[in-house]
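To start, the structure itself, in structure tokens.
The values are calculated or read from the model by the stated rules, or taken from the named source; none is laboratory data. Just so it is clear, the structure is predicted and the values come from calculations on it, not from any experiment. Virtual Cβ from ideal backbone geometry, glycine too; neighbours counted across all protein chains shown. Side chains included, ligands, DNA and RNA excluded: accessible areas come from the protein's heavy atoms. Shrake-Rupley method; radii C 1.70, N 1.55, O 1.52, S 1.80 Å.
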Amino acid sequence: MTADVRNIGIFAHVDAGKTTLSERMLVRCGVIRSAGAVDAGTAHTDRLAVERRRRISVKTACAPLRWRNTDIHLVDTPGHVDFAGEIERGLWAIDGAILVVSGVDGVQPQTETLYRYLSRHKIPLLIFVNKMDRPTADFSGALSQIRQRLCPKTFDLSDAEARMAAVSEQDDDALASYMDGVLWPDDRLNARLFPLIQKGLCVPILRGSALTGDGIDALLDGIVDMLPSPTGSADAPLSGVVFSVEADASMGRAAWVRLYGGSLRNRDTLRLLVHEENAYAEGDRSVERKITQIRSLGADGRGEDTGEMRAGDIACVYGLGNVRTGQVLGDPALLPERIHAGEFREPVFMAKVVPDTPENLPALKRALDQLSAEDPLLSVTMLEGAPHVKLMGTIQIEVLKEELASRFSITVEFMPPTVIYRETIKSAAVGFVAYTMPKPCWAVIKFEIEPAPRGSGVSFESLVSPRDIKPRYQHQIAQAIPLATRQGLFGWQVDDVHIRLVGGGDHEIHTHPLDFIIATPMAFMDGLRRGGSELLEPILEMNLEADEDMAGKLIGEINGMRGSVVSTTAQNGRMTLICEVPAADSYDFPTRFSRITSGRGLMTTRIKSYRACEFAPDKCCPRRGVDPLDTAKYILAARNALDGGIFD
């Protein structure tokens, strides 16, 4: 019964005590005998060797709890902003959340980011103010910050009058009683209050200490009473998502699946829609996979073979082949809207990875493919024969080096990262190609390409009659647009353009099935060359929190990075600066920020926008394959007359 299940995520700013809280809940529910410690590298939800060595969580982990005859599937996410992709994918699996706030430090920048994301996707939550055993803890101060900076509709769950006031905002009967000074009995009050919390209309605040165990029972009761059970039916069509992937040497790739509808059993055969990219096009292909085993959650990872999972369950599934994080099972239309990659934060840096010896390059490629299956934002790309990976920041580089050494026995070096620029067309232009030689081939394409508003992406439309270009060939042109725009004149992704097919033709005899796919990049690049390419750099929004006396130094740093301060607020000797800074100038700023603030500052970043910047030769990205503007060489590569493909 899904009524007896809760799928709950736990989120927090780094060092707020989230993992310690998870450990204490495991102990209280009798899953483990004694709590592990983050500082000692013994936390049960920190399962990777790199997590234990570095004393931080870098990967989403699941653990089982049982409280008051209710199965609680706890999804523990990383706290560090460099692993925002893991945080986002943890949200794919849950129905409710616990947001941990430090009773000592109050609401921190990442806390605000997490709350905004949870609120945007209407995920009901409880807020737990942790570290109340500390002498410097201030619950009243934390409560005030939560109401000011997160949500005004929060209330202290231990205060009967505050609970009555929360219900009164949504219930006329409660308002009338409240105005008369009458507080309802707990049974009546909770019967009205709990559904409001489950709908996200108000947020209760609890307090305690993960270290001592104070407040843990009340938190577990809150999960059971106030957070929603999964919706969906085992009789409905299959619908689920892979939110995490792990390597398993003996059983193949392990996929953590949240099922929203239908059921899965051992030996079931599934048809999966897999996104593939090859030398000529990208798109989805249907493949068949047979489930070999379904395992439940376990305190230290995967539990027992259950043989089945039903709507509302979270389980580890084997037999899905080289499945990647984000793979949809069944009907994607039945999934919650929040299950989309890249909304939280996208990487802004890219670095070349060099193995210690050239002989290790094939092994390095395989290892990076495994890591990118686990984290799609890593996005490994081969440029000039060398692997390049997309990154969030410096800590991720250090973690990747350790993972490659510990998991794959490969020693690597990362070259200095470069910013991931984009480019767009400067002015409207026409792109044309007549791919008619050498025979047999025939694909004539005429594009009108024009700039589009910032942030609008790439759009395509066809104004060509089916009499001129058959529908199947027009479909091939549309399929090839993502590959044609993958690298522009400077080698970066082309963005914010509208492409209009306005002319062209096929030939009844000479047109080959792949001709229009080959010709599309040539026509597009011809138009881009005529219209000119403009380089776009990512602009970061930084949220900096530090002591007020650091203001002068930090504003000087921001100005030195070509940045600007958007707003400044100050309270109780602390200030918050919101500023916008080009990513190209900010790569090592986190280190400088920590030094300036003596480690007492807090910082979060996100991509705010892209804006035009000055071009320089060192800002180019190497091409993945042959330049379509080098027509003769490009056609030879497309026809396999040269080593490599046109999009290698």
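Observations
- The listed residue being under 28 Å from K619 (Cα atoms), charged (D, E, K, R) and open to solvent by 10 Å² or more (accessible area, probe 1.4 Å), out of D305, D369: D369
- Here A570 meets the list (1) part of a strand (DSSP E or B); (2) open to solvent by 60 Å² or more (accessible area, probe 1.4 Å); (3) of a type in the set (G, A, S); (4) over 26 Å from V101 (Cα atoms) almost entirely, failing just condition (4).
- Taken together, the residues in the range 599-624 that are more than 28 Å from the chain's Cα centre (by Cα) and under 21 Å from H388 (Cβ atoms) amount to 4.
- One residue from A191, A162 being within 29 Å of R24 (Cβ to Cβ) and either touching an Asp or Glu at 6+ places or on another chain (Cβ under 7 Å) or at pLDDT 95 or above (or both): A162
- When V502 is tested against the conditions (1) farther than 26 Å from R285 by Cα; (2) assigned to a loop (DSSP other than H, G, I, E, B); (3) not polar (S, T, N, Q), the lone failure is (2).
- Which listed residue is open to solvent by 50 Å² or more (accessible area, probe 1.4 Å) and touching a Leu at 6+ places or on another chain (Cβ under 8 Å), from P204, P185, P237: P237
- The lone criterion from (1) open to solvent by less than 80 Å² (accessible area, probe 1.4 Å); (2) within 23 Å of M25 (Cβ to Cβ); (3) assigned to a loop (DSSP other than H, G, I, E, B) left unmet by I127 is number (3).
- Subset of the range 573-628 [at pLDDT 85 or above, more than 30 Å from D547 (Cβ to Cβ) and either in a strand (DSSP E or B) or not hydrophobic (A, V, I, L, M, F, W, C) (or both)]: Y610, R611, A612, E614, P617, D618, K619, P622, R623, D627, P628
- Checked across the range 331-348, the condition of being surrounded by 17 or more Cβ atoms within 10 Å (Cβ to Cβ), within 22 Å of D369 (Cβ to Cβ) and at pLDDT below 80 holds for at least one residue.
- Any hit, the range 541-561, residues being over 30 Å from P582 (Cβ atoms) and either at pLDDT 95 or above or open to solvent by 10 Å² or more (accessible area, probe 1.4 Å) (or both): no
- Look at (1) closer than 24 Å to Q396 by Cβ; (2) under 25 Å from the mean Cα position of the chain (by Cα) and you find that R595 fails only one, number (2).
- Residue satisfying all of: in the range 505-540; hydroxyl-bearing (S, T, Y) and not in a helix (DSSP H, G or I); surrounded by the fewest Cβ atoms within 10 Å (Cβ to Cβ) among these: S533
- For the range 471-486, a residue qualifies if it is part of a loop (DSSP other than H, G, I, E, B) and at pLDDT 95 or above, and exactly one does: T485.
- A search for C-beta distances below 9 Å between a residue of the range 142-168 that is within 16 Å of L196 (Cβ to Cβ) and any residue that is of a type in the set (K, R) and outside any helix (DSSP H, G or I), counting only pairs 6+ apart in sequence or on different chains, returns D156/R207; L157/R207; A166/K153.
- Candidates in the range 59-78 are the residues that are over 15 Å from L91 (Cβ atoms) and of a type in the set (S, T, N, Q); of these, the one that is surrounded by the most Cβ atoms within 10 Å (Cβ to Cβ) is T70.
- Test: residue in the range 160-182 that is β-branched (V, I, T) and loosely packed, with under 14 Cβ neighbours inside 10 Å: yes
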